[in-house]
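Worksheet: the structure to be examined is printed underneath.
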Amino acid sequence: QVQLVESGGGLVQFGGSLGLSCAASGSSISVFAMAWYRQAPGKQRELVASVSKDGTTNYVESVKDRFTISRDNAKKMVLLQMNSLKPEDTAVYYCNARLGPVAYWGRGTQVTVSS
């Protein structure tokens, strides 16, 4: 079992940067696909970025070239560096660990981008 805790959210101005961290405890994360999701008010949760066990990354089109996901299995950490932030990036950001049908979620961290 894996417990996930996100941190690093906050209020930032348009064009600013934030770095989110996801700290895992319990099992090693090396076997999991890791991802960041976000959910804006009144919208469905969407996949923002993912990194597979072997380090392959994928991004939703709207954040490509602005966000970077990375993982450090030894430290049990997953990071999301967000640059050139826009008001439409405002959401609660959730860390996710997935292995087959099993998925674990953190409680989320709020990111607010002011215009």
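Only the coordinates and a few stated rules stand behind these numbers; no lab work does. Every value quoted in this text rests on a predicted model; they were computed, and no experiment measured them. FYI the Cβ positions are ideal-geometry reconstructions off the backbone, even for glycines, and counts take in every protein chain you see.
Could you work out the mean projected area of the convex hull around the alpha carbons of the chain, in square nanometres to one decimal?
Numbers: hull surface 26.5 nm².
If I average the Cα hull's projected area over directions, I get 6.6 nm².
Provide the percentage of antiparallel DSSP beta bridges, counting only those with both residues in the chain; round to the nearest 5. Don't skip to the end; give the middle numbers.
Details: 40 of 44 bridges.
Bridges in the chain are about 90 percent antiparallel.
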Set of lysines near LYS53 by C-alpha distance (under 28 Å), chain-local residues within fewer than 8 positions excluded: LYS64, LYS75, LYS76
Ranked packing of 34-43, 87-96, 11-20, most packed first, by mean Cβ within 10 Å: 87-96, 34-43, 11-20
Separation in nanometres of the label points that stand 7 Å from Cα toward Cβ, at THR57 and LEU11: 2.9 nm
Scaled radius of gyration (Cα, divided by 2.2 N^0.38 Å) that region 57-115 gives: 1.24
